[in-house]
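Below: one structure, written as structure tokens.
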Amino acid sequence: MKKTGFLFVAAVCLLVTFSISTYAQTTHSFKELKGKVVDSKTNDALIFADLVINTTNIGTITNSDGEFALKIPDSLLKETLIVTHLGYQKKELELSALNNNSKITLIPAITELNEVEIATYKDAETLLKLTLNNKSAVYNNDNTVMTAFYRETIKKRRKNASLSEAVVQIHKAPYTSVRKDAIELIKARKSTDYNRLDTLAVKLQGGPFSNLYTDIIKYPEYIFTPEDMPLYEFSFDPSTKISDNMVYVINFKQKPNVNIPLYYGKLYIDSKTLALTNAVYSLNVENKELSSQMYIRKKPRKVDVYPTEATYRVNYRTKNGKWHYAYSNILLTFKVNWEGKLFNSVYTLNSEMAITDWTINNSNEIARTRDKMIRPTTILTDEASGFSDPKFWGEYNIIEPEKSIESAIEKIRKQLKRT
């Protein structure tokens with residue numbers, strides 16, 4: 001079996017949870033800016049658009065409705081907001097000129113496939129190998145402390161059954177180091193409606209670590225090992241652009257004679273630096289038994305659980321010529337069949353994590369506070385603490401919740417008021 005194991009595990013059972021506390025934060029004066037990023041021609045919402053305050057590392061990303069919320073310290077209100085999206089021209093806007101509910105339009109980039117530049121590389125697989133071996137030159141090689149927002153939702157059919165959110169600090173090791181990254185919990189809240197989960201509790205094991213491990217450049221062993229590379233077919237797709245730079249697009253899928261579950265999708269590689277800028281990929285779940293073994297850690301004997309969809313996305317940002325992990329999204333859908341029951345249940349687990357700020361840690365060792373560190377086996381607790389307070393996150397930047405999550409949060413608040 002392929003070594004994807006514990007990274008994207010759905011623990012389908014009742015499990016002992018990790019205890020979460022909330023920690024104090026220093027409050028500073030800031031302005032919150034909300035808005036929406038859309039296509040200038042079609043007015044369609046642009047999902048996963050990247051927004052960063054110039055001269056800083058403070059940023060966020062648009063949600064599935066194209067909406068964003070960004071908390072800006074008062075000292076930075078005269079700076080510039082840089083908005084980018086794959087396939088669109090970069091846009092720079094003065095923060096002082098933006099108001100709440102601003103609509104930011106991006107212009108599609110016109111890209112002509114440059115056969116001469118593509119021909120520089122023997123084939124798509126050669127280009128990918130160069131990218132994976134290029135981490136020391138174009139990726140951040142300092143110890144870095146990253147502030148990130150993490151959200152995890154579990155739905156039964158279309159109804160929210162569990163909602164977890166957390167602010168964490170990622171102690172990111174250099175890309176050239178074999179040392180694993182560590183995660184420190186800063187603040188978290190969660191609510192679970194077990195009535196909607198019936199007698200089965202579906203929980204996502206790994207929490208923020210699952211999203212962190214989608215960083216293909218730091219953790220290639222979970223998708224492109226030397227043993228796996230010959231099992232894939234690689235080809236070039238038409239090029240695109242981001243921030244006015246041409247981006248190569250590599251399409252990959254497992255070879256027809258390969259029976260084990262492998263991944264398929266697209267990789268986006270900057271033509272100048274050969275850095276991976278984005279990746280969107282899925283697991284081939286046609287083999288129910290083997291794909292189930294990759295995800296299901298524990299389940300009752302009389303229930304059959306298997307994935308019907310497993311999709312991943314990872315985005316990178318660049319600063320001062322160095323790239324780093326910026327955002328990832330995981331979407332897992334499982335079908336649950338109980339022995340003796342006529343109808344099945346469908347559960348959807350979605351998690352996302354966005355880097356909202358980061359600083360270089362000049363010390364050689366990553367600073368760790370033991371009582372705040374979480375583990376890759378962590379499951380966020382079932383506490384509803386914090387949902388009654390609309391100002392729970394304070395100055396921390398979060399991913400603007402989509403409409404269904406906003407509705408779920410509002411329902412939780414009303415329930416807490418009644419109790």
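Listed peptides 131-141, 90-100, 214-224 appear in the order 214-224, 131-141, 90-100 once ranked by packing, highest mean of other Cβ atoms within 10 Å at the front.
Listed by chain and number, the lysines whose alpha-carbon sits under 16 Å from that of Lys253, ignoring those within fewer than 8 places in the same chain, are Lys2, Lys129, Lys266. In µm²/s, what is D for region 30-176 at 10 °C and 1.306 mPa s, where D = kT/(6 pi eta Rh) by Stokes-Einstein and Rh is the Kirkwood radius from Cα pairs? Translational diffusion coefficient: 86 µm²/s. What shape does region 117-179 take by its C-alpha gyration tensor, where a ≥ b ≥ c are the square roots of the eigenvalues and a/c under 1.5 counts as rounded, a/b above b/c as prolate, and the rest as oblate? Because a/c hits 1.5 or more and a/b fails to exceed b/c, region 117-179 counts as oblate. Computed from backbone phi, the HN-Hα couplings of region 337-352 come to 10, 8, 4, x, 9, 6, 9, 9, 10, 10, 10, 10, 10, 10, 9, 9 Hz, rounded to whole numbers (Karplus: 6.51 cos²θ - 1.76 cosθ + 1.60, θ = phi - 60°; Gly and Pro given as x). For region 24-112, carbon and sulfur atoms together expose 47% of the accessible surface, with a 1.4 angstrom probe and every protein chain in place. Can you give me the pair-distance distribution of region 205-261, C-alpha pairs, 10 Å bins, whole percents? Going out from 0 Å in 10 Å bins, region 205-261 shows 19, 34, 36, 11, 0 percent. With the whole protein complex present, Thr55 retains an accessible surface near 90 Å², based on a 1.4 Å probe. Rg over Rh for region 130-277 works out to 1.03, both radii taken from alpha-carbon positions and Rh defined as the Kirkwood radius. Distances between every pair of Cα atoms in region 228-299, grouped in 10 Å steps from 0 to the bin holding the largest one, split as 18, 39, 26, 14, 3 percent. Using the 1.4 Å probe convention, the accessible area of region 60-105 works out to 45 Å² per residue with neighbouring protein chains retained. Estimated translational diffusion coefficient (Stokes-Einstein, Kirkwood radius over Cα pairs, 20 °C, 1.002 mPa s) of region 23-104: 163 µm² per second. Cross-link check: pairs Lys36/Lys241; Lys156/Lys302; Lys159/Lys372 evaluated at a Cα-Cα cut-off of 27 Å; pairs beyond the cut-off: Lys159/Lys372. Accessible surface ranking for Arg189, Arg301, Arg418, Arg313, 1.4 angstrom probe, highest first: Arg301, Arg418, Arg313, Arg189.
The Rg/Rh ratio of region 275-370, with both radii computed over alpha carbons and Rh defined as the Kirkwood radius, is 1.15.
Expressed as a whole percent, the accessible area of region 213-310 that falls on carbon and sulfur atoms is 49 (1.4 Å probe). Of the peptides 389-402, 158-171, the ranking by mean beta-carbon count within 10 Å, highest at the top, reads 158-171, 389-402. Our estimate of slack between Arg179 and Ser136, defined as 0.36 nm per intervening residue step minus the Cα-Cα distance, is 14.0 nm. When you count the other C-beta atoms within 10 angstrom of each residue and take the mean per peptide, 60-70, 352-362, 258-268 line up highest first as 60-70, 352-362, 258-268.
The values are calculated or read from the model by the stated rules, or taken from the named source; none is laboratory data. Please read these numbers as outputs of a predicted model, since none were measured by experiment. As a convention, Cβ positions derive from the backbone with ideal geometry for all residues, glycine included, and neighbour counts pool all protein chains shown. Side chains are part of the model used for accessible areas, which takes the heavy atoms of the whole protein and leaves out ligands, DNA and RNA. Shrake-Rupley method; radii C 1.70, N 1.55, O 1.52, S 1.80 Å.
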